[in-house]
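The structure appears below as structure tokens.
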Amino acid sequence: MPQDDEDLGEWIDKMERSKKSLSRDLEKSEGNLESFSREYKQFKEEEKAAQKKNWYERLASRVSFFEFEFDDMREDHENAINLLDYDISPGQIAPTALFISVVFLVISALIVISPMVTSIPPMPMIFQIFFLLLPLASFFYMVKFPNLKAWQKMMRSSEGLILSVLYMAIYMRSNPSLIGALKFAADHLSGPVARDFRLMLWKIDMRIYNNVREALDDYLERWQPYNKGFVEAFDILETASYEGSVEQRNEQLAKAVNELLGSTKDKMDTFARNLKMPVMALHGLGILLPILGIIMFPLISAFLGGSNVVFYLVFTYNVLIPAVVYFVMSNLLNQRPVSFSTKAGNINREPGVVSFSLFGKELNVSIYFFSVPLFLGMMYLPAQHLYSIFFGSASFSISPSNLVLFKEIMFPLAIGVPVGFHLFIGYRSYVKRQKEIVEMERELPNALYSLGHSLRKGNPIERAVKKAAEDEQLDISKVFSLIYRNITESKMTFYDAVFDERRGAMRAYTSKLIGTILEIISKSAKKGTEIAAKASLNIADYLENISDTQKKLEALLDESLSSVRFLAYILAPLIAGVAVGMGGTISKALYTMSEYTNMSQNVTGGQGLEAGSAGMVSMLDVESVIPPGVLAIVVGFYLLELSGLVGTLYVRLKSGHHPARRNMEIGRVLILSMIIFTTIALVIFAMFGGIISGVGV
């Protein structure tokens, strides 16, 4: 303590200088990525954005003047809110849904009642029913909204859940620190799980949690209702951190990884066995039966008459049935267990860009450069024909020529093929690169076994890397070949050969999984080749186990996936084409029968046909028969919607959340299905329509 006033003044000045210095250090440390983690700055930005309530939270807080909850849904809502970290209570969900349904009820009532009190023409009954059911549908959707968002988070977390256990188990083999393992996983993961881990570390740092175990207990409690295997794996990791024996700790760490993989396999096995019936129901009741029903529409329109049949057709096939298929598909996907499905990192290739060589120079051109001219070229004939119908004197013919029907059916084709081309070609090279890197990740255990055995023999790291690169049949050999060249030719260290910003292997092959594993081996190699050998072999065992589990999961789903793909590529467009062709043939037959009846009555005075035949024809309102062109356009657009839905279903069942793969699959389905549909419809109509014209009915 200062003894006099002069000493006191010096002491105060010193404290002020220390305070300013400490303040500068704190500001500097907050901006320094290494003071907390390499992604700390990113987390701070994410956390700042996360503090803002989303639209659902804001709406719930404003409209929930009172709270009530359905007893049988309270637990599900609590679980979803905890997982999503929403700042609302379960009692606010039902009032929010009620408010939204009341809003839709008022809007629907105004739409339905307005024709009664104004001069607006009355709408078809099916639209009135739709608007009256809309409030009820919106209520159920909003009640289920938190659960749907929780499922979306589960799907986006599928890769991170397994990788988090893997990374922590690998880290704890050399250092049994639980918080160190958590930091390591947070630094090397991406997606929702990475953000959750960074949030836990931040709360520990801010003393919101007293220690890492308290933070993990709170976090795992949120995941307990959704993935018990993940929770049990973390419990085993926590137990392993207490083990004093290295051998017992390693057994516990291996058990943690196996526990999560075994739980995932059991869930997927149950899901795959229960998948056959929903897929069959989706095929038959949601897709095939409605398409076959198209054949009956010309007869229905002939008996009923009036223009409302067209509205019913459009609404049923372009709104109602796709909505039902989407609902059934979403319900099915909600039951899919979380599985391991890696995604490549920042691939050095943008989707929507086509690369090709011209005069020895590589060019990158936007896919729009090809898809837009294709669309304009294919749309020329149908657009010209439809313009003459809607703005000229032409109309849809009940008995069109083959050329006219071709122009009309070209309309959905001219949309489907260019869009499919855009998606398929635009994402093909991107997905191909993605699959190449994912295949490298699957082959990584083979290279690590080779690397580890070579290091165990006492070979230096560069010779061990050369050994790992010898099997040129494996794609992963490209990574180790590049590392070896960097070490030998550029005289780089192993770490620089992997992570150098200009020539590192991870710049050419951007895989977070491979990069993380090689970083661990690099750090282990600094402690000696024996430690690096053990690390390589242990990691290879973990990855081999994950790879085997993933192959088993794919085998479990293989039968159902083949069925879905066959439906999308062949069955649906084939049946749709037959239905449109036969529907058009029936329309032409009715028209020809009517013309023949009229001609016979004019020539013979009504004696040319039997009374029964003439009476039957007179019952039909032939002028109201749905034209084949309208039928083809409506079914064509239905097939466009169906291709997108089934393509999404296929990718989601197989790989989880992969937007790039989904887009490419939808593009492939659109191209093939629309070509098959158009070809079959035209062939059927030309063949049977020609027979009808030839025999004159």
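Collect the residues in the range 358-394 that are open to solvent by less than 80 Å² (accessible area, probe 1.4 Å) and closer than 24 Å to residue 587 by Cα, keeping them in residue-number order. Residues satisfying the conditions are 381, 382, 383, 385, 386, 388, 389, 392, 394. Of the helices (runs of 4 or more DSSP H) lying entirely inside the range 236-341, those containing at least 3 residues that are buried (at least 19 other Cβ atoms within 10 Å of the Cβ) are 246-273, 297-304, 308-315, 321-334.
Scanning the range 130-144 for residues that are surrounded by 15 or more Cβ atoms within 10 Å (Cβ to Cβ) and farther than 30 Å from residue 311 by Cα turns up at least one hit.
For the range 176-219, residues that are assigned to a loop (DSSP other than H, G, I, E, B), over 18 Å from residue 257 (Cα atoms) and either in contact with a Lys or Arg (Cβ under 9 Å, 6 or more places away or on another chain) or of a type in the set (Asp, Glu) (or both) total 3. Restricting attention to the range 108-128 and to residues that are hydrophobic (A, V, I, L, M, F, W, C) and surrounded by 13 or more Cβ atoms within 10 Å (Cβ to Cβ), the residue that is modelled with the highest pLDDT turns out to be 109. Based on this model, can you work out whether residue 252 counts as of a type in the set (S, T, N, Q), closer than 30 Å to residue 213 by Cβ and free of Cβ contacts under 8 Å to residues at least 12 places away in the same chain? Taking the combined requirement at face value, the residue does not satisfy it.
With respect to the stated conditions, residue 222 is farther than 30 Å from residue 531 by Cα, among the charged types (D, E, K, R) and in a helix (DSSP H, G or I). Take the residues of the range 510-554 that are touching a Lys or Arg at 6+ places or on another chain (Cβ under 7 Å) and either part of a loop (DSSP other than H, G, I, E, B) or open to solvent by less than 20 Å² (accessible area, probe 1.4 Å) (or both): which is nearest to residue 655 (Cα to Cα)? So, considering only residues that are touching a Lys or Arg at 6+ places or on another chain (Cβ under 7 Å) and either part of a loop (DSSP other than H, G, I, E, B) or open to solvent by less than 20 Å² (accessible area, probe 1.4 Å) (or both), the one nearest to residue 655 (Cα to Cα) is 553.
The single residue among 104, 99, 184 that is without any contact (Cβ under 8 Å) to a residue 60 or more places away in the chain, open to solvent by less than 60 Å² (accessible area, probe 1.4 Å) and touching a helix residue (DSSP H, G or I) at 6+ places or on another chain (Cβ under 6 Å) turns out to be 184. Suppose we keep only residues that are under 30 Å from the mean Cα position of the chain (by Cα) and open to solvent by less than 40 Å² (accessible area, probe 1.4 Å) within the range 475-509. Which one would you say is farthest from residue 535 (Cα to Cα)? Per the criteria, the residue is 508.
List the residue pairs whose Cβ atoms are under 9 Å apart, where the first residue sits in the range 223-245 and is within 12 Å of residue 262 (Cα to Cα) and of a type in the set (Asp, Glu), the second is assigned to a helix (DSSP H, G or I) and open to solvent by 10 Å² or more (accessible area, probe 1.4 Å), and the two are 6 or more positions apart or on different chains. Within 9 Å, the pairs are 232/259; 232/263. The criterion of at least 3 residues that are at pLDDT below 85 is met, among helices (runs of 4 or more DSSP H) falling completely within the range 609-697, by 611-619, 659-695.
Do we have any residue at all in the range 488-509 that's touching a helix residue (DSSP H, G or I) at 6+ places or on another chain (Cβ under 7 Å), more than 29 Å from residue 430 (Cα to Cα) and not in a helix (DSSP H, G or I)? Within the range 488-509, one or more residues are touching a helix residue (DSSP H, G or I) at 6+ places or on another chain (Cβ under 7 Å), more than 29 Å from residue 430 (Cα to Cα) and not in a helix (DSSP H, G or I).
The test for being at pLDDT 80 or above and β-branched (Val, Ile, Thr) holds for residue 170. If residue 157 satisfies every condition in (1) in contact with an Asp or Glu (Cβ under 9 Å, 6 or more places away or on another chain); (2) open to solvent by 10 Å² or more (accessible area, probe 1.4 Å); (3) under 30 Å from residue 252 (Cβ atoms) but one, which is the exception? It fails just one condition, (2). Would you call residue 81 within 27 Å of residue 196 (Cα to Cα), in contact (Cβ under 8 Å) with a residue 12 or more places away in the chain and not in a loop (DSSP other than H, G, I, E, B)? Here the answer is yes, as residue 81 does meet what is asked.
If you check residue 153 against the conditions, is it under 30 Å from residue 261 (Cα atoms) and either of a type in the set (Asp, Glu) or free of Cβ contacts under 8 Å to residues at least 12 places away in the same chain (or both)? Judged against the criteria, residue 153 is not a match.
With respect to (1) over 36 Å from the mean Cα position of the chain (by Cα); (2) open to solvent by less than 10 Å² (accessible area, probe 1.4 Å), the lone exception for residue 445 is condition (1).
Checked against the criterion of being open to solvent by 80 Å² or more (accessible area, probe 1.4 Å) and in a loop (DSSP other than H, G, I, E, B), the range 457-471 has at least one qualifying residue.
The values are calculated or read from the model by the stated rules, or taken from the named source; none is laboratory data. Keep in mind that what you see is a predicted model, and the values were worked out from it rather than measured. Note that each Cβ is placed from the backbone with ideal geometry, even for glycine, and that neighbours are counted across all protein chains shown. All accessible areas refer to the heavy atoms of the entire protein, side chains included, with ligands and DNA or RNA removed. Shrake-Rupley method; radii C 1.70, N 1.55, O 1.52, S 1.80 Å.
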